[in-house]
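The values are calculated or read from the model by the stated rules, or taken from the named source; none is laboratory data. Note that the structure is predicted; figures quoted are calculated from it, not measured. Glycine also receives a Cβ, built like all others from the backbone with ideal geometry; neighbour counts cover every protein chain displayed.
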Amino acid sequence: MFKLEALKAKHGDCLILQWGESDEPKDRKVALIDGGPDTVYPKWLKPRLTALAEELGQAPLKLDLTMVSHIDDDHIQGILDFADDVENGDAPADIGILWHNSLEGLLDHEIEDDPAVQGVTASLTSPTAKTDDRWYGKVLSSVPQGQMLHAFAKRHGIDHRCNAPYQPLVLLRDGMDDAPFGGLQLQVVGPNAEELEKLRKQWKRKRRQSITAAYSDRSPYNLSSIIVMACFGRRRALLTGDARGDKIIEGLARRRMLDADGRLHVQLLKLMHHGSQNNVDAEFFSTVTADAYVVSGDHVKFPNPHEKAMKWLAEARGDDDYTIYCTYDLPYMRKIFGDRLVVPEDEDGSVVVDIEALPVADE
């Protein structure tokens, strides 16, 4: 089995990945990827983890991996709520190995890239590719949340294995091995060292200053999103956090995952930044294609999934056979995608993609 479940997470992300040689409880492994913003944990995530624990006959549920793609509130707050329950003895699951790019212990240590790395994507363009200085120039109110999770890991005694096997940080380096998790292979596509080093410098400058103000530009942390290709058997799922499209393509090129035409097809693509038009251009959807797309967003606090970006996707794929899974039933999404759209049924709190059932080219 190989499934991705996207929970209703308002304007954020909350994903549960399951895999195993069979659907039998003894064979199934579970990863939690992001926890959504405030209220998502008590309303949707905790009940789902409780149900999974009962289904798999575990008390508490053993998570093989808990990953925070980046420290934006709409990804990390639910993980902090979960961590509170762990410490209070009321959690339905345990965090297991934690992937979280905390910079707390690295404030005086530069994050350097491999010296042989060259600019593999100098010709790539993006509607926002020239705004890095402005994007890195703001530090968000989510910094304390990252500090809180770092402190929890130390108190809970799991800090020594955070980001295993990539301590101290999960970042893209040339020649790196895949990370194995019980038959699943995770291939890191981003972030790169340059992005994390710029963030580290901002963090060091600002962490002692007042950082409680909410900024509208969330991109310093979006650029630091962990991007992974999750591979099980012959099927692949590209999980992108809130990364920018040009940064994703840069990482794919560096990992030599693009074909001779500079393109890639995967079974599943988790759309970055909830389908925002600010993280992608129309060309991206022709460069990276999928059989199934997953997008989280309720179009309330932010206009995501953005109608313009979703039209870019539909136009790029034309009459191709694909499905798009959205965590909320939005009228304009039905208008754009028609029968290709899948949303939660009735009062369900999630949509589930059976990746194992998606085709492989020569099957």
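Out of segment 313-336, which residues are closer than 22 Å to residue 263 by Cβ and surrounded by 13 or more Cβ atoms within 10 Å (Cβ to Cβ)?
Applying the first criterion (closer than 22 Å to residue 263 by Cβ) to segment 313-336 yields 313-324.
Matches in segment 313-336: 313, 314, 316, 317, 322, 323, 324.
Filter segment 300-312 for residues that are out of contact with any Phe, Trp or Tyr (no Cβ under 7 Å at 6 or more places or on another chain) and either of a type outside the set (D, E, K, R) or closer than 20 Å to residue 360 by Cα (or both); which is surrounded by the fewest Cβ atoms within 10 Å (Cβ to Cβ)? Give the steps one after another, and end with the answer.
Restricting attention to segment 300-312, the residues satisfying the condition of being out of contact with any Phe, Trp or Tyr (no Cβ under 7 Å at 6 or more places or on another chain) are 300-306, 308-311.
Still in the running and either of a type outside the set (D, E, K, R) or closer than 20 Å to residue 360 by Cα (or both): 300, 302-306, 309-310.
Working: 300: 10, 302: 19, 303: 16, 304: 24, 305: 29, 306: 22, 309: 27, 310: 26.
Here the answer is 300.
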| query | Looking at (1) over 19 Å from residue 227 (Cα atoms); (2) touching a helix residue (DSSP H, G or I) at 6+ places or on another chain (Cβ under 8 Å), which is the only condition residue 23 fails? | reply | (2)
| When both residues are 6+ apart or on different chains and their Cβ atoms are under 6 Å apart, which pairs have a first residue that lies in segment 256-275 and is touching a residue at least 12 places away in the same chain (Cβ under 8 Å), and a second that is among the hydrophobic types (A, V, I, L, M, F, W, C) and part of a loop (DSSP other than H, G, I, E, B)? | 264/257; 264/258; 267/358; 272/243
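Table: residues versus (1) surrounded by fewer than 20 Cβ atoms within 10 Å (Cβ to Cβ); (2) over 24 Å from residue 10 (Cα atoms); (3) in contact with a helix residue (DSSP H, G or I) (Cβ under 6 Å, 6 or more places away or on another chain).
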| site | (1), (2), (3) |
| --- | --- |
| 273 | no, no, yes |
| 280 | no, no, yes |
| 286 | yes, yes, yes |
| 346 | yes, no, no |
| In segment 76-115, what count of residues is obtained for those that are closer than 19 Å to residue 241 by Cβ and either β-branched (Val, Ile, Thr) or in a loop (DSSP other than H, G, I, E, B) (or both)? | 9
| Selection status of residue 178, under 30 Å from residue 3 (Cβ atoms) and modelled with pLDDT of 80 or more | yes
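Quick one: which strands (runs of 3 or more DSSP E) lie wholly within segment 1-75 and hold at least 3 residues that are without any contact (Cβ under 8 Å) to a residue 24 or more places away in the chain?
Details: elements: 2-7, 15-19, 29-33, 65-67.
Ranges flagged: none.
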| said: For residue 187, only one of the following conditions fails: (1) touching a helix residue (DSSP H, G or I) at 6+ places or on another chain (Cβ under 7 Å); (2) at pLDDT 80 or above; (3) of a type outside the set (A, V, I, L, M). What is its number? | reply: (1)
| request: Identify, from the list 53, 59, the residue that is among the aliphatic types (A, V, I, L, M), surrounded by fewer than 21 Cβ atoms within 10 Å (Cβ to Cβ) and touching a strand residue (DSSP E or B) at 6+ places or on another chain (Cβ under 9 Å). | output: 53
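Pick from 363, 347: which is closer than 22 Å to residue 38 by Cβ, modelled with pLDDT under 95 and among the acidic types (Asp, Glu)?
Details: 363 fails: closer than 22 Å to residue 38 by Cβ.
Just one listed residue meets the conditions, 347.
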| said: I'd like to verify a number: residues in segment 1-19 that are farther than 27 Å from residue 298 by Cβ and either surrounded by fewer than 20 Cβ atoms within 10 Å (Cβ to Cβ) or of a type in the set (S, T, N, Q) (or both), how many? | reply: 1
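So which of 89, 36, 96 ends up being crowded, with 24+ Cβ neighbours inside 10 Å and under 22 Å from residue 150 (Cα atoms)?
Numbers: 89 fails: crowded, with 24+ Cβ neighbours inside 10 Å; 96 fails: crowded, with 24+ Cβ neighbours inside 10 Å.
Result of the check over 89, 36, 96: 36.
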